[in-house]
Amino acid sequence: MATSDINSCDKQSYDHLLAVISSERFLKMQGLGNEVPFFICPFRPEEVNEMLRLEDQLTKQLRNQGVNVLSINLYDLSIELLKEREIFEQILEMESEIAKEQLKELLQGVLDPESHLAPAIAKTLGDTDYDVLFLSGVGEVFPYIRSHNVLNNLQSTAKDKPTVIFFPGAYTHSLESGASLDLFGRLHDDKYYRAFNIYHCEV
């Protein structure tokens, strides 16, 4: 039987997230066994704006409680990387002239998680004093960046502190197909099992 928890961005969800993330058990990564400290926070795709506000509010309240949150938005980071390589304007000009598949292949190459994205995140982690990493912008960078590829390449980099991935869709588990990140609740091909659903975590 599959489970596919997609939580609404309501007060109950907010209170649970705040209680879990601010807890000593979560921050010290207790009870994880040998698994990486990745926590999926699934939400309804149509509530992306509400989740952005919730994430911002959560970040501020956690910081008020002495928990340092480092927030990385994959879309913003992608734009930064393209500008650093001085190809952002060039890509904008090309966008209307080339096929979508060509644009997708181009962006997949210049924003490859192993070669470019993960190293950029690793540098930010190394330069920042933080207690928990918030990773967002997953939906905005689809289809040229897939969330499971990012997580696979962060397993050796972001293993020392807990990471919360705000995911517009469901994190499903079934005996037949294993675990997968179902983006927008429709795309079922991102197989990833080394993460926990944060709504299943106890304080």
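Structure notes:
- Flag if Ile79 is assigned to a strand (DSSP E or B), of a type in the set (Val, Ile, Thr) and touching a helix residue (DSSP H, G or I) at 6+ places or on another chain (Cβ under 8 Å): no
- Which listed residue is out of contact with any His (no Cβ under 7 Å at 6 or more places or on another chain) and open to solvent by 20 Å² or more (accessible area, probe 1.4 Å), from Ser22, Ser13: Ser22
- The single residue among Leu111, Leu74, Leu54 that is in contact with a Gly (Cβ under 8 Å, 6 or more places away or on another chain), in contact (Cβ under 8 Å) with a residue 12 or more places away in the chain and surrounded by 17 or more Cβ atoms within 10 Å (Cβ to Cβ) turns out to be Leu74.
- Among all residues of segment 186-195, there is at least one that is in contact with a helix residue (DSSP H, G or I) (Cβ under 8 Å, 6 or more places away or on another chain), at pLDDT below 90, farther than 12 Å from Phe39 by Cα and outside any loop (DSSP other than H, G, I, E, B).
- Residue in segment 114-143 that is modelled with the lowest pLDDT, counting only those that are under 16 Å from Leu181 (Cα atoms) and in a loop (DSSP other than H, G, I, E, B): Pro143
- The C-beta contact set for segment 127-138 (first residue without any contact (Cβ under 8 Å) to a residue 12 or more places away in the chain, second residue open to solvent by 10 Å² or more (accessible area, probe 1.4 Å) and of a type in the set (Phe, Trp, Tyr), distance under 7 angstrom, 6+ apart or interchain) is empty.
- Scope segment 29-50; condition over 16 Å from Phe167 (Cα atoms) and open to solvent by 60 Å² or more (accessible area, probe 1.4 Å); matching residues: Gln30, Gly31, Gly33, Asn34, Glu35
- Among the residues of segment 93-107, those identified as open to solvent by less than 70 Å² (accessible area, probe 1.4 Å) and assigned to a helix (DSSP H, G or I) are Met94, Leu103, Lys104, Leu106, Leu107.
- Members of segment 57-71 that are open to solvent by 30 Å² or more (accessible area, probe 1.4 Å), under 19 Å from the mean Cα position of the chain (by Cα) and in contact (Cβ under 8 Å) with a residue 40 or more places away in the chain: Gln57, Asn68, Ser71
- Among the residues of segment 126-168, those that are more than 14 Å from the chain's Cα centre (by Cα) and either among the aromatic types (Phe, Trp, Tyr) or open to solvent by less than 20 Å² (accessible area, probe 1.4 Å) (or both) comprise Tyr130, Tyr144.
The values are calculated or read from the model by the stated rules, or taken from the named source; none is laboratory data. Everything numeric in this text was worked out from a predicted model, so none of it was measured. All Cβ positions, even for glycine, are placed from backbone atoms using ideal geometry, and neighbour counts span all protein chains on display. Just the protein is used for accessible areas: all its heavy atoms, side chains included, with ligands, DNA and RNA removed. Shrake-Rupley method; radii C 1.70, N 1.55, O 1.52, S 1.80 Å.
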